[in-house]
Amino acid sequence: MLRQSTHTLPARPDAVAAAMDRDAFLLARARHDPAHVSAKVLRPGPLEVRVESTMHARSRTGAIDRTRQETSTLAYRWSPDRRTVRWVWSGNTVVPVAVEGTWTLSPEAAGTRLHSEVRVTVKARLLGRLIEGIVARQTEAAEAALGADVAAYLP
């Protein structure tokens, strides 16, 4: 399942990229998940960032189980020109779930156009489409807030 959105920001692409690479921005993005408990930012390389999160566990249907906790990782990789960020979510799930996305920055007359693509893939018979929909709905709120999140960290 592919979801796309576009946001317009009142700053040049370099400033938008800098805002999106701040630890505070990345931690704010992690907090959009309602199962979020805590997170930390790791920087394994100049164009790589990992956000390791502790989350409440989820059931097969996406319900939050506050009696158990799990870890997940969002790995971000910038292109050398710092105009594209590819990210991949990984974590322990009851059903195999793949969530990945791309954020692309393009100059626009008034600032920057931020295009977001999120792809959710669930490898499960019968329940796959249902679970894809649940995960997609959970990412929709975060994607809707993406422009405001970036704007909050612009200089």
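Each reported figure results from applying straightforward, stated rules to the coordinates on display, with no laboratory input. Please read these numbers as outputs of a predicted model, since none were measured by experiment. FYI the Cβ positions are ideal-geometry reconstructions off the backbone, even for glycines, and counts take in every protein chain you see.
Before moving on, here are some points about what is shown:
- Inter-centroid distance (Cα atoms) of the stretch 1-57 relative to the stretch 108-142, Å: 15
- Among residues other than THR84 with Cβ under 11 Å from its Cβ, the summed charge is +2 (Lys and Arg +1, Asp and Glu -1).
- Annotation: the residues MET1, MET55, sorted from fewest to most other C-beta atoms within 10 Å of their own C-beta, follow the order MET1, MET55.
- Only Lys, Arg, Asp and Glu carry charge here, each on its Cβ (+1 for the first two, -1 for the last two); on that basis the stretch 1-79 has a dipole of about 180 debye about its Cα centre.
- The stretch 77-155 - charge dipole about Cα centre, Lys and Arg +1 at Cβ, Asp and Glu -1, debye rounded to 20: 300
- Estimated from helices alone, the mean residue ellipticity of the chain at 222 nm is -7500 deg cm²/dmol (sum of -39500 (n - 2.57) over DSSP H runs with n ≥ 4, per residue).
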